[in-house]
Structure formats: structure tokens, C-alpha cells
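The values are calculated or read from the model by the stated rules, or taken from the named source; none is laboratory data. What you are looking at is a predicted structure, and each value in this text was computed from that prediction instead of being measured. FYI the Cβ positions are ideal-geometry reconstructions off the backbone, even for glycines, and counts take in every protein chain you see. For the accessible areas, the whole protein counts, side chains as well, though only heavy atoms, and no ligand, DNA or RNA atoms are used. Shrake-Rupley method; radii C 1.70, N 1.55, O 1.52, S 1.80 Å.
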Amino acid sequence: MVDSRLGHWLKLLVSLMLLLKTQGLYVGITYVKSAVAKGAVCLDGSPPAYHWDKGSGTGINSWLIHFEGGGWCNNVTSCLSRKKTHLGSSKLMGQQIAFSGIMNNKRPFNPDFYNWNRVKIRYCDGSSFTGDVQAVNPATNLHFRGARIWLAVIEDLLPKGLKNAENALLSGCSAGGLASILHCDSFRALLRMGTKVKCLSDAGYFIKVKDVSGAPHVQTYFNEIVTLHGSAKNLPLSCTSMLKPSFCFFPQYVAPQVRTPLFILNAAYDSWQIRNILAPSIADPLGVWKSCKLDINNCSPLQLKSMQDFRLQFLNALKTSTNSSSRGLYIDSCYAHCQTETQEKWFMEDSPVLGKKKIAKAVGDWFYDRNPFQKIDCPYPCNPSCQNSGLAPPNNPEKKPPNGSAASVNMSTLLCGLLMLMGVMLP
């Protein structure tokens, strides 16, 4: 019994030490105060912001620009609520955030991008960086200026070294993953000729489908976003010249025309889309889907059938976006949302695997043209490497460690505490 408990606590200690080791570093915030004069501001009128960890060695002229995610606001009421959070005001953003996953600065946990210049653009406009409405209603003081924020941040980074970039990858998660598709070609146009430019969308391939009640909920929702934020003029002209602007908020209508090499990373059973597009609360007033949405293992056979149908619709919407050999594709069958920002999904011993490759390896091979990667997983529950909690990563763990280093917990204190606890627990 004693040996069993000791083994348990030793495993816990090893796990905690590994967590601290892979946590990455905390990176301070930079406010683009000069952007305010250009009207490039958050919903509340505060300046845009980003976090930048400078590149080193062979990565000194390579840049990873990553859009933060965090949903959208589609009407005045939801935008007023958002304005009171870090997703609507830089005044409420933490001074430091943890860089992990694709942002990690340690080679064993981020082999291809660890020493690049890594920038996370904070998200505070609610439109995937597409809005631009000049007028501001004094009653609400809401500013819809996402597109201006995007340009202001890039303009701030260019003289800091981005203008000399040899390699550049524009990425993002969720609403940020959508932004990386919408701004992919314009990003390439902002950089000098000769720069190797590619884009990565993580969990940003939102599809136009009806919900479980048969209503076009997400289509209506995206139309309200585009209308409120005045996004139409900032969506790719290759799409808006042929379709309604709100359709061009869906990647299935935009991605086929993107000329810059694009990698689409998405779970076929994207947990955010299952919860908010397939089975939103408005379509499930009795909460029949509540337990299923929390944990796929709780889903009934009928609910699983709906999710399998969703996967087929997702794959059908993806077909037109895989029409180029320069495209990357990693569609696993995990119940997940955003897989580049969390270390356990990006590159760890037990990270998800598809075609014998973890996500970090597939993306790195694709970017450096070592090997192409276009794989679609078999249907759930065939992939044993998936961690099917369905829980999305927290929005930017925002802390300020005492010394600004990677770990905010003193290792010796942690070790002593665990040993004391073991002493209490063991007879």
C-alpha cells in the first residue's frame, strides 16, 4: 500500500515538474499608442496591443504572427459586454501572458519555431480584425476598428525587423484562425518580395450549416457581425465580388481563392462548433445536448449520429479548399478546439497523432517544404491519441511571475510541499 501511494506521488511530482518545464516563458505587453491617432482602437477606444518575444540565432529574421482568438460580438448589447473584458479593452489585458505550444521558446517543445520572433496580436475588436466603421455613437462609445488594428500592429512591427523577414507565418486560433485566412494574402502583400510567407489556421474553419433545430443560426450570426462592424470592405474581394459579404466570413467561400500557401488545422468534431453552431442553446431550450457538449462520451447514439453528419458536412465544405499542392491539411477526429496554443496538443509525448505525425511536426515539415501534409482522420472514435475533453484552452493565461521567468512557482517550494504532503499521507 505504501509503495503504491509513493508511486502515485512520485508520478504527480514528475507531472508537475514537466508542466513547469514546458510552460514556456511569460512575455510582456506592448501597447501601440501611436495607433490611437489613426483610429485603430479596441471596442472601448483603448490602444491595440501585442506580445513579442524576439528571435535569436537562426530565427532572428523569421517571424510568427499569431492572432488571439475569442469569439465575436454581433450586436450593441454583446459588444458593450465585451468592452468590459480584455477582449474589448487593452486596459483590462494582463501585462504578461504565457507563450506555449507554437509560441514556446524551447526547442524540445516547439522544434521549428522556438527561436523565431513570435508575436501574439491581442484581440479586442470582436470582428476577427475586419471591422472599420468611422462613426462612433457617443451613447455607447463603441469603436468598430478591427481592420485598422491589424494594419497598425504590422506597421509597428515592420521597423522592428519584420521588414527584413526571410520567413513569415501568419497563424491564429478560433476567431484568430479565421483572421489568418481572411488576411493571408494581404499579409504577404505587406512584406518584401522574396520573403517566404505562409499561413496557418487553427480551429478557424467555421462552416455554414443548420443547427439541430433546422435553423441557419450561424449564418444569421455572421451576417450580424459583418453588418455591425462594417466588415464587407475588408473581406477578400475575390469572394465579395461574387457572393454576399456575410458568406465571405465563412472560410469555405474564401479559402479556395487564397493564393498564399495555407495550412488548415481543425478537428472534424470541433468542440466549439458542436456547441455553438450545431447545437447552440437557442436550438436546445431543454438542454438535451448539455451533457453531450461537455463530454463526447456522454452523447447518445442519436447525438453521435448528428455529430457524424456534422463531420461529413465539414469535410464537404473543406473540399474546395484543398485544391492546391501548396495547401496543408490536418483534420483529426478529436473533440477539440484550438490545438496549436496548448503544449499537450502541439508537441508532447502523448499529443494527438495523424498519419504518424504530431501537429508540430506536420506544420514544420510543410512550412519548410520538407514534406507535404494533407491528411483527414477516420471517424470518431478511431483515433486513440485524441484527448477528447472538448475543453478549449484558456484565453491567454495572464500572470506576472515575480521574476518574469517561465515558471511562477518556485521548484524547491513545490518539491518541499509535495514531500510534506507525502509524509502526511504515508503511514
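Structure summary
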item: Segment 348-389, dipole about Cα centre (Lys/Arg Cβ +1, Asp/Glu Cβ -1), debye to the nearest 20; result: 100
item: Candidates R118, R107, R145, ranked by Gaussian network fluctuation over the chain, Cα under 10 Å, top entry; result: R107
item: Sequence of V136, V363 when ordered by accessible area, the most exposed leading, probe 1.4 angstrom; result: V136, V363
item: Sequence-separation-based contact order of segment 187-327, relative, with Cα cut under 8 Å and 6+ spacing, percent; result: 30
item: Alpha-carbon Debye profile of segment 17-105, log10 I(q)/I(0) at 0.14, 0.20, 0.24 Å⁻¹; result: -0.64, -1.05, -1.24
item: Simple label model, 7 Å out from Cα along Cβ direction - M242 to S300, nm; result: 4.1
item: Simple Cβ-charge dipole of the chain, Lys/Arg +1 and Asp/Glu -1, about Cα centre, in debye nearest 20; result: 600
item: Coarse-grained scattering of the chain at q = 0.07, 0.11, 0.12 Å⁻¹, given as base-10 log I(q)/I(0) from a Debye sum over alpha-carbon atoms; result: -0.34, -0.85, -1.01
item: Estimated distance in nm for a label pair at K196 and T320, the labels positioned 7 Å out from Cα along Cα-to-Cβ; result: 3.1
item: Net charge over other residues, Cβ less than 15 angstrom from the Cβ of Q313 (K, R count +1; D, E count -1); result: +2
item: For I60, solvent-accessible area (1.4 Å; no DNA, RNA or ligand), Å²; result: 100
item: For segment 228-316, with +1 on Lys and Arg beta carbons and -1 on Asp and Glu, the positive-most of T240, P256, V288 along the dipole; result: T240
item: Whichever aspartates and glutamates have a C-alpha closer than 16 Å to that of K357, once near sequence neighbours (fewer than 8 apart) are set aside; result: D112, D332, E344, E349, D365, D369, D377
item: Virtual spin-label span in nm between T77 and A232, 7 Å along Cα→Cβ; result: 2.5
item: For the chain, share of DSSP beta bridges that run antiparallel, in % to the nearest 5; result: 30
item: Cβ-placed point charges (K, R +1; D, E -1), dipole of segment 27-143 about Cα centre in debye, nearest 20; result: 260
item: Full-extension gain in nm, R370 to E166, via 0.36 nm per residue minus C-alpha separation; result: 71.7 nm
